[in-house]
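First up is the structure itself, then whatever we jot down about it.
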Amino acid sequence: MRIDFTKMHGLGNDFVVLDARNPAQALPAMDAALASALANRRTGIGCDQLILLEPSELGDFRMRIFNADGSEVEACGNATRAVGLLHGAPARIETLGGLLSATPSDTGIAVEMGQPRFDWDAIPLAYAMDTHTMPLAWEDLTNPVGVNVGNPHAIFFVPDPYAVDMERLGPLIETDPVFPERINVNVAAVTARDAITLRVWERGVGLTLACGTGACATAVGAMKRGLVDRKVTVTLPGGALVIEWREDDGIVMTGPATESFRGSFDPADYGFAAGSPD
Ligand SMILES: N[C@H](CCC[C@H](N)C(=O)O)C(=O)O
């Protein structure tokens, strides 16, 4: 019994997508162990996030998101565009972070990501503080913005994101106890009223070529600080996303989604029997 998968990416942030809406694709219990084994780029299929589609009572389908370390999380912007493409947008997608809508646009897929949350306990943080300019510092990275866009982000505005030692500082910040659920770490430079350059150390993954929720969080953080207008282009190593923060609709992220190839695997190769109940 083999399990089918679709390999996809959004600006190089890549995913292995499993579709468990089809009972014939009954999956072993999807858990941290299986997700991290499949995501492993040496011994597994390899991806930043493992995406599992399941039936949903609330929307067209449910999307579960597992980081490469196996942690299940609330939101993944690039994957939301990818599964919107795969399913056929328009689509209403249930996630742990809320019900999202994906619709086709002339530059790919547009996703309404909901409203950002800035309260310290919504990020969440370990104690109360001003999230507009958090009194925190890790060497030259100081006073980030804290925001939750379905998942938690810290945004540092710096002169040059590519001059930051993310491999060293990223994991230090990601796992600091001030972030009880860890954090996605963004370093950004505002280059115009409608342009931001961004790099992201992702919670549970590390440096990625792009992070959709990071682009959303960074855009609204810059808007809160009055650094940019309400619609900006965020350029990541893998390419650009357009982020707009509308009063009523919340954040709208628009960008490409790509299907790379399809394949299948035998769960027994990962120590799991297909079809075993969750
Ligand atoms: N690492 C993120 C999840 C994936 C976010 C990123 N891939 C995106 O496109 O939003 C987290 O733990 O919250």
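The values are calculated or read from the model by the stated rules, or taken from the named source; none is laboratory data. None of these values were measured; they are calculated from a predicted model. With ideal geometry, Cβ positions are generated from the backbone for all residues, glycine too; neighbour counts draw on all protein chains shown. For the accessible areas, the whole protein counts, side chains as well, though only heavy atoms, and no ligand, DNA or RNA atoms are used. Shrake-Rupley method; radii C 1.70, N 1.55, O 1.52, S 1.80 Å.
Matching residues to (1) closer than 26 Å to LEU11 by Cα; (2) more than 16 Å from the ligand (Cβ to nearest atom):
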position: ASN78; (1), (2): yes, no
position: ARG117; (1), (2): yes, no
position: ALA122; (1), (2): no, no
position: ALA137; (1), (2): no, yes
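Filtering region 9-27 to residues that are of a type outside the set (Phe, Trp, Tyr), within 12 Å of the ligand (Cβ to nearest atom) and in a strand (DSSP E or B) leaves HIS9, GLY10, ASN13, ASP14. Taking the listed residues THR131, THR191, THR197, the one that is assigned to a strand (DSSP E or B), of a type in the set (Ser, Thr, Tyr) and touching an Asp or Glu at 6+ places or on another chain (Cβ under 9 Å) is THR197, with no other qualifying.
Of all residues in region 81-132 being without any contact (Cβ under 8 Å) to a residue 60 or more places away in the chain and among the hydroxyl-bearing types (Ser, Thr, Tyr), which is most open to solvent (accessible area, probe 1.4 Å)? Applying the filter and picking the extreme gives TYR127.
Only one of the numbered conditions (1) buried (at least 16 other Cβ atoms within 10 Å of the Cβ); (2) within 16 Å of the ligand (Cβ to nearest atom); (3) among the β-branched types (Val, Ile, Thr) is not met by THR175, and that is (1). Listed by first and then second residue, the pairs linking a residue in region 229-249 that is farther than 17 Å from THR80 by Cβ to a residue that is of a type in the set (Asp, Glu) and open to solvent by 30 Å² or more (accessible area, probe 1.4 Å), with Cβ atoms under 7 Å apart and 6 or more places separating them unless they lie on different chains, are ASP229/ASP194; ARG230/GLU244; LYS231/ASP194; LYS231/GLU244; VAL232/ASP194; THR233/ASP194. The residues of region 200-235 that are under 18 Å from ASP165 (Cβ atoms) and either part of a strand (DSSP E or B) or outside the structural domain of VAL164 (by TED's automatic domain parsing) (or both), listed by number, are VAL200, TRP201, GLU202, GLY206, LEU207.
The numbered conditions (1) in contact with a Lys or Arg (Cβ under 6 Å, 6 or more places away or on another chain); (2) open to solvent by 10 Å² or more (accessible area, probe 1.4 Å); (3) closer than 21 Å to THR254 by Cα; (4) of a type outside the set (A, V, I, L, M, F, W, C) are all true for LYS7 except (1).
Of all residues in region 28-61, those that are within 16 Å of the ligand (Cβ to nearest atom) and either touching a Pro at 6+ places or on another chain (Cβ under 7 Å) or without any contact (Cβ under 8 Å) to a residue 12 or more places away in the chain (or both) total 1.
Applying the criterion of being touching a residue at least 40 places away in the same chain (Cβ under 8 Å) and assigned to a loop (DSSP other than H, G, I, E, B) to the residues of region 145-163, the residue that is surrounded by the fewest Cβ atoms within 10 Å (Cβ to Cβ) is GLY150. Of the residues making up region 200-249, not one is within 12 Å of the chain's Cα centre (by Cα) and more than 12 Å from the ligand (Cβ to nearest atom). The set of residues from region 169-181 being under 16 Å from THR131 (Cβ atoms) and charged (D, E, K, R) comprises ASP176, GLU181.
If you go through region 82-128 one residue at a time, how many are farther than 17 Å from VAL242 by Cβ, assigned to a loop (DSSP other than H, G, I, E, B) and hydroxyl-bearing (Ser, Thr, Tyr)? Residues that pass the stated criteria total 1. Taken together, the criteria exclude ILE65 from residues that are open to solvent by less than 50 Å² (accessible area, probe 1.4 Å), in a loop (DSSP other than H, G, I, E, B), outside the structural domain of GLU181 (by TED's automatic domain parsing) and among the β-branched types (Val, Ile, Thr).
Can you confirm whether region 30-44 contains a residue that is in contact with a Ser or Thr (Cβ under 6 Å, 6 or more places away or on another chain) and not basic (Lys, Arg)? Checking region 30-44: not a single residue is in contact with a Ser or Thr (Cβ under 6 Å, 6 or more places away or on another chain) and not basic (Lys, Arg).
Taking the residues in region 20-62 that are touching a His at 6+ places or on another chain (Cβ under 9 Å) and open to solvent by 10 Å² or more (accessible area, probe 1.4 Å) as candidates, determine which candidate is farthest from PRO124 (Cα to Cα). Applying the filter and picking the extreme gives ASP60.
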